[in-house]
Amino acid sequence: MAGALDGLRVAIIATNGVEQAELEQPRRAVDEAGARSTLVSLSTDPIQAMNSDIDKGDTFTPDAAISDVSADDFDALVLPGGTINADQLRQSGDVVSFVQAIFAAGKPVGAICHAPWTLVEADLVRGRTLTSYPSLRTDIRNAGGHAVDEEVVVDKGLVTSRNPGDLDAFCSKIVEEFGEGAHPVHDEGATARA
């Protein structure tokens, strides 16, 4: 996989409560494939990662605040999970707008575990098939998406997985999809063309 993503710029959006493995392993995968990843958060204050949502992990210093970046700065996006992380991100208008702009440009996205909550908030799951942590599947269906229970699912450049146990498959698939570049823009939800 080395060199598969040479020159690509990948945003990873996370905040306090991010599931540590879901931040570190995808970041390592894209970096080792040649991409340049940028950890983006709500501010540049250090964020507290968690393990299994309840045990404190390491802290990470973001490279940039969401208010200081644009979707135009990146070629792909990774959204790690963690219940608290995802719940905070979906409440940020800046994050929601950024994610919508990424999707509107057809740029590939990887979202794991609780991360699809942000996609639901941004009206980006309508008409799509994806997976997530089990407790989000009703939210996905209510937002017009088709929720399935699979290790990894790809729908027009959107890669989703259920939990940290799926990380090997998730990381392999995001590298593949990111390497393919922009995908056709989905025609439902926030990406619907007027």
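The values are calculated or read from the model by the stated rules, or taken from the named source; none is laboratory data. These figures come from a predicted structure and were not determined experimentally. Using ideal geometry, Cβ is built from the backbone for each residue, glycine included, and neighbour counts are taken over all protein chains shown. All accessible areas refer to the heavy atoms of the entire protein, side chains included, with ligands and DNA or RNA removed. Shrake-Rupley method; radii C 1.70, N 1.55, O 1.52, S 1.80 Å.
Scanning residues 5 or more positions from Ile13 or on other chains, those with amide H under 5 Å from its amide H are Val40, Val78, with H placed 1.01 Å from N in the peptide plane.
Computed from label points 7 Å out along Cα-Cβ, the spacing between Glu188 and Thr44 is 4.1 nm. Less than 5 angstrom separates the built amide H of Asn163 from those of Cys113, all sequence-distant by 5 or more or on a different chain.
Taking 0.36 nm per residue of sequence separation and removing the Cα-Cα distance, the Ala169/Ser70 pair yields an extension gain of 32.8 nm. Per residue, the solvent-accessible area of the stretch 1-104 (1.4 Å probe, heavy atoms of protein chains only, all protein chains present) comes to 42 Å². Going through [x] 14.7, 46; [y] 17.0, 59; [z] 18.7, 61, the figure that equals Rg and Dmax of the Cα atoms in Å as computed for the structure here is [x].
Take Glu180, project a point 7 Å from its Cα along the Cβ direction, then tell me which residues of the stretch 127-145 have their backbone nitrogen under 14 Å from it. What the label zone holds, given the 14 Å backbone N cut-off, is 129. Rounded to the nearest whole Hz, the Karplus-based 3J(HN,Hα) values (6.51 cos²θ - 1.76 cosθ + 1.60, θ = phi - 60°) of the stretch 4-17 follow the sequence 5, 10, 3, x, 6, 10, 10, 8, 10, 9, 7, 9, 3, x, with x at glycine and proline. With both labels modelled 7 Å from their Cα along Cα-to-Cβ, the Ile84 to Glu150 distance reads 3.4 nm. The antiparallel fraction among DSSP beta bridges confined to the chain stands at about 30%. Per-residue Karplus couplings for the stretch 22-27, computed as 6.51 cos²θ - 1.76 cosθ + 1.60 with θ equal to phi - 60°, are listed in order as 6, 8, 6, 5, x, 4 Hz, Gly and Pro entered as x. Excluding same-chain neighbours fewer than eight residues apart, the lysines reachable from Lys156 by a Cα-Cα span under 23 Å are Lys107, Lys173.
Length gain on complete extension for the stretch Asp6 to Asp55, per 0.36 nm per residue less the alpha carbon to alpha carbon distance?
Between Asp6 and Asp55, full extension yields an extra 14.1 nm.
Please work out whether the stretch 20-94 counts as rounded, prolate or oblate from its C-alpha gyration tensor, where a ≥ b ≥ c are the square roots of the eigenvalues and a/c under 1.5 means rounded, while otherwise a/b larger than b/c means prolate and anything else oblate? Oblate is the answer for the stretch 20-94, as a/c is 1.5 or above yet b/c matches or exceeds a/b. Shown for the chain: the carbon plus sulfur share of the solvent-accessible area, taken with all protein chains present and a 1.4 angstrom probe, equals 43%. Put the Cα centre of the stretch 120-194 next to the Cα centre of the stretch 75-100 and the gap is 14 Å.
Estimated purely from DSSP H runs of n ≥ 4, each contributing -39500 (n - 2.57), the mean residue ellipticity at 222 nm for the chain is -8500 deg cm²/dmol once divided by its residues.
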